[in-house]
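These notes are about the structure you will find just below.
The values are calculated or read from the model by the stated rules, or taken from the named source; none is laboratory data. Just so you know, these numbers come straight off a predicted model, no measurement behind them. Positions of Cβ are generated from backbone atoms using ideal geometry, with glycine treated the same way; all protein chains shown enter the neighbour counts.
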Amino acid sequence: MILMSEHRFTHDDKAKVVCGGDEIRGTINYIFSLEKELKRIRLISYALENVRVIGDTILEEFLYKLALKGVMISVVIGQMPAKEVKKVLLKLRRFGINIYYNRRAHAKIILVEGKGKNYAIIMSANITHGGLYYNYEAGVSLKLSEDVYMKLREYTNDILGNEETVDLVYLNE
């Protein structure tokens, strides 16, 4: 049995391998806890649910709080969400969070742009109960150099700007 440790970047860390839901959630928690430094978050996940991401805080509450603090948030999902999840996502859209659907989106990336520091989590896990609590998942969390940041920003720009990426509000139920 592998014991999951709480993930923390140190000043010299550039990358960490994260294995299992505990470490993935810990990484999300740590990076998003830098909320005073955050400017933009791009979250790409094939599947997405309104799952607990940090302690007892569910995704909807967490994204809502960040949006209220002025963080620009874009979410792209590749699987049409269940009706109850779609309602949550459309509610978040009213708070300025951009919610998109692209059937080809299969990457699992969280790109976090901050004031002077940028981070990414690239993982096998979807933002779902299975991905964050049940399945065997792994990933890498990165404190980004400028060239890696630019590559991931360009990639997420390509997904966001793709003609197949549509605003979730325009899709029929």
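Points to keep in mind about this one:
- Glu61 falls short on exactly one of the conditions (1) in contact with a helix residue (DSSP H, G or I) (Cβ under 9 Å, 6 or more places away or on another chain); (2) of a type in the set (D, E, K, R); (3) over 20 Å from Thr156 (Cα atoms); (4) not in a loop (DSSP other than H, G, I, E, B), and that condition is (1).
- Residue selected from the range 90-112 under the condition buried (at least 21 other Cβ atoms within 10 Å of the Cβ) and not hydrophobic (A, V, I, L, M, F, W, C), by the criterion nearest to Lys16 (Cα to Cα): Lys108
Residue by residue, here is whether (1) of a type in the set (A, V, I, L, M, F, W, C); (2) within 26 Å of Glu164 (Cβ to Cβ); (3) modelled with pLDDT of 90 or more holds:
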| residue | (1), (2), (3) |
| --- | --- |
| Glu49 | no, yes, no |
| Met80 | yes, yes, no |
| Glu84 | no, yes, no |
| Lys87 | no, yes, no |
| Lys91 | no, yes, no |
| Ala105 | yes, yes, yes |
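- Residues being outside any loop (DSSP other than H, G, I, E, B) and within 24 Å of Val51 (Cα to Cα) - total across the range 115-129: 7
- Restricting the range 64-90 to residues that are within 14 Å of the chain's Cα centre (by Cα) and outside any helix (DSSP H, G or I), the residue that is farthest from Asn118 (Cα to Cα): Gly78
- Taking first residues from the range 5-27 that are closer than 22 Å to Thr57 by Cβ and partners that are surrounded by fewer than 14 Cβ atoms within 10 Å (Cβ to Cβ) and at pLDDT 90 or above, no Cβ contact under 6 Å between residues at least 6 apart in sequence or on separate chains turns up.
- Restricting the range 130-158 to residues that are part of a helix (DSSP H, G or I) and under 14 Å from the mean Cα position of the chain (by Cα), the residue that is surrounded by the fewest Cβ atoms within 10 Å (Cβ to Cβ): Arg153
- From Ile122, Ile54, Ile73, residue being crowded, with 18+ Cβ neighbours inside 10 Å and within 25 Å of Asp22 (Cβ to Cβ): Ile73
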